Amino acid sequence: MDSSNTIVEEHKFRFINDLVDNFYKYMGHAYIAYSKNKYEYEYNCSNSIEQTDIKQINNANKTFIEYFLYELFYNFGIKRRMVSENIALLYYSKDLIGYKPTEPITILCRHMLLDISIMRIVSIGIPKSIKLDEFCEVYKIDKTNAETNFTNDTNSLNKIPKYRLYKFSEGTMITYNPSLNKYSITTITNASDNNDVDMDNVDNIDSMNLDDIHKEIIDTNIEIKFNQQFTYSTRKVVGTGCFNSVKTFSEMFEENNKINNVNLQNIPEELIRDTVLVFNIEHPENRVISANTRNCNTLCAVFKFKSEDISKEQYEKITNTKYSSDNEEIIKQYFKELGIDMINQIQVYNFKQQVKEYNVNLYLPEIIKKFKKTEINDIVTTNNYECLSFEDIETIIESKPNDFIGYIIYGINGERSKFNNKKYKELLKLKGNKPIVIEQWNTKNLFNLYWRLIKENKINEFIYEFDYKIGDNKFIYTKLFNWFLNLVRTYSFNLFKIYHNSFVKKTEQKSSIPFSMKPMCGDLHKLYMSNKVPITPLIVEKYTFEQTSEKIFWRIFLDKK
């Protein structure tokens, strides 16, 4: 397989502009619906007409921003988090009922920062990819026929491929946007799909009532117990580089730049103003599946935004227009104007060439040009990627190892899709979306992984795929899981003794039951009262393993023993 780091783009991506047009069109419709509702509500109030529509009353008491953000949440599964006074982070959540993966607005809002004071997009990540079948439908590609990979441009002597094929690298998507500094927002932001910040709160439901003293005890005990088990092993595990510490994505990004002698500060202000650079970070401490990691920041996209002054002027035309049914078309047109050129995509190759003269050498995605095939008689044949059907490419992927991700494809208008390795996706599902490096700071993620694998009966499958021998680290995950098992069984046996002494033998006062065991003892006694079956150590252990990981994790580390 032959690949090259760069390719000259001779076309303009319009896909991002179409997505933005849809976003502002929807915003205009929402603004009209909101204004009409408020107009009718105020009319009824001024004319002493009884208000009976609860929804109308609630919406009338909202600001347009509140109304619009709720509509995005309800209709498209798009969450929001305020990262500064006027900047909202918008990102979809696949778990929400309103999530619509094929809608342009959802595709756009994979990671967006919106200045709600003037409804201006100030930063964005790469939009969500579309399904391969949908990609084929858009470009009229027959998966079985390579001839359909080309455009029907009668004015061109050469056949033009409808898409480009790129290496699919592991890593985390981040955005670099110095213009965010004026909003007191960090320049470097995680822009991956798994940035659902609310999930961290869900994980801690059972332990939220812990006071600072108990939390400090737990943190100390994790440190002591972890170091007793893994002091001599984790330093050499692939995916760790700094014992008892964790690098942020920003630190990994800066470290990669330093190693590769890339100084983004050298980019002139006029080239980076109102512009976001979207990178994929590959770093040994950000390993996902593959053990072949490197220190590399790959520039995947460049987006330039409409200026703040122009956006403010255009939005003020909207807010200064008094709503009436006669003005609805005018308002729609104003929102359309606000969306025009709100985002323009700059080809990464062109941007690389612009900054090269300032000694900024950026790494670009590797484009796949050819595939080599060795025949039985050792004759090597070469095929250009565009001369292979999609089914041919999928067959090639099937022969790859399970840590091979696949390929990324970009249509000539900018749509992004993927050739996925099914074996890799299954491995990724087994591993989960949290880091699995064996470090003290990662103990909770590792325990949650262990607990999930126990419930899914997939411990042996995980051990088979991920346990490896690197230096002195033989069966490191086996050792980790056995450690967790011993901790849980120790807690379970102690829980049985406390329950038995307090509820059966009654040699201990119930008031002396340890903090972490009181609700558990209550559950066990309810179980006994419901069926009158004596509580045994085996029953307690079964009960313990039926609990959620959030309930068990902090309890096994509250005890110093």
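Coordinate-derived values only; no laboratory data. Predicted model only: the values in this text are computed from it and were never measured. Neighbour counts are summed over all protein chains in view; Cβ atoms, including those assigned to glycine, are modelled from backbone coordinates with ideal geometry.
In whole Hz, with x marking every Gly and Pro, tabulate ³J(HN,Hα) for region 95-100 from phi via Karplus 6.51 cos²θ - 1.76 cosθ + 1.60, θ = phi - 60°.
Each residue of region 95-100 in turn: 7, 7, 4, x, 4, 10 Hz.
Given H placed on each backbone N at 1.01 Å, which residues far from Ile346 in sequence or on other chains put an amide H within less than 5 Å of it?
Long-range HN contacts for Ile346: Val302, Phe303, Lys304.
Which is farthest toward the positive dipole end of region 439-556 among Trp441, Leu538, Tyr464, measuring Cα position about the Cα centre, with Cβ charges +1 (Lys, Arg) and -1 (Asp, Glu)?
Leu538
Loop only by DSSP, 11 or fewer other Cβ within 10 Å of the Cβ. Give me the trypsin sites (Lys or Arg not before Pro) in region 425-524 that pass, ordered by residue number.
Values: sites: Lys425, Lys429, Lys431, Lys444, Arg452, Lys455, Lys458, Lys469, Lys474, Lys479, Arg489, Lys497, Lys505, Lys506, Lys510; in loops: Lys458, Lys469, Lys474, Lys505, Lys506.
Here the trypsin sites (Lys or Arg not before Pro) that fit, given the DSSP loop and packing criteria, are Lys469, Lys505, Lys506.
Quick one: of Lys38/Lys336; Lys128/Lys369; Lys162/Lys306; Lys167/Lys423; Lys25/Lys418; Lys94/Lys131, which pairs are farther than 19 Å apart, Cα to Cα?
Values: Lys38/Lys336 22 Å; Lys128/Lys369 24 Å; Lys162/Lys306 29 Å; Lys167/Lys423 17 Å; Lys25/Lys418 28 Å; Lys94/Lys131 15 Å.
Where the Cα-Cα span goes over 19 Å, the pairs concerned are Lys38/Lys336; Lys128/Lys369; Lys162/Lys306; Lys25/Lys418.
Estimate the FRET efficiency between Lys526 and Phe150 by the formula 1/(1 + (r/R0)^6), using the beta-carbon distance for r and 60 Å for R0, to the nearest 0.05.
On the way: r = 70 Å, r/R0 = 1.16.
The value I calculate is 0.30.
Viscosity 1.002 mPa s, temperature 20 °C: Stokes-Einstein D of region 306-438 from its Kirkwood Cα radius, in µm² per second?
Working: Rh = 20.6 Å.
After rounding, the answer is 104 µm²/s.
Take every Cα pair under 8 Å in region 439-556 that's 6+ residues apart, average their separations, divide by the length, and report that relative contact order as a whole percent.
Details: 68 pairs, mean separation 33.8, N = 118.
Rounded, it is 29 percent for region 439-556.
Multiplying the sequence separation of Thr395 and Phe466 by 0.36 nm and subtracting their Cα-Cα distance, what value in nm do you get?
Values: separation 71, 0.36 × 71 = 25.56 nm, distance 2.55 nm.
Full extension of this stretch gives 23.0 nm more.
From the phi angles alone, apply the Karplus equation (6.51, -1.76, 1.60; θ = phi - 60°) to region 104-113 and give each ³J(HN,Hα) in whole Hz, x where the residue is Gly or Pro.
Using θ = phi - 60°, the values come out as x, 5, 5, 4, 5, 8, 6, 7, 9, 10 Hz.
Mind grabbing the base-10 log of I(q)/I(0) for region 439-556 at q = 0.18, 0.19 Å⁻¹? Debye formula, identical points on the C-alpha positions, no solvent, two decimal places.
Debye intensities relative to I(0), on a log10 scale: -0.93, -1.00.
What chymotrypsin sites (Phe, Trp or Tyr not before Pro) in region 493-527 are in a loop by DSSP, with at most 11 other Cβ atoms within 10 Å of the Cβ? Working shown, then result.
On the way: sites: Phe493, Phe496, Tyr499, Phe503, Phe515; in loops: Phe515.
Taking region 493-527 and a limit of 11 other Cβ atoms within 10 Å, the loop chymotrypsin sites (Phe, Trp or Tyr not before Pro) found are Phe515.
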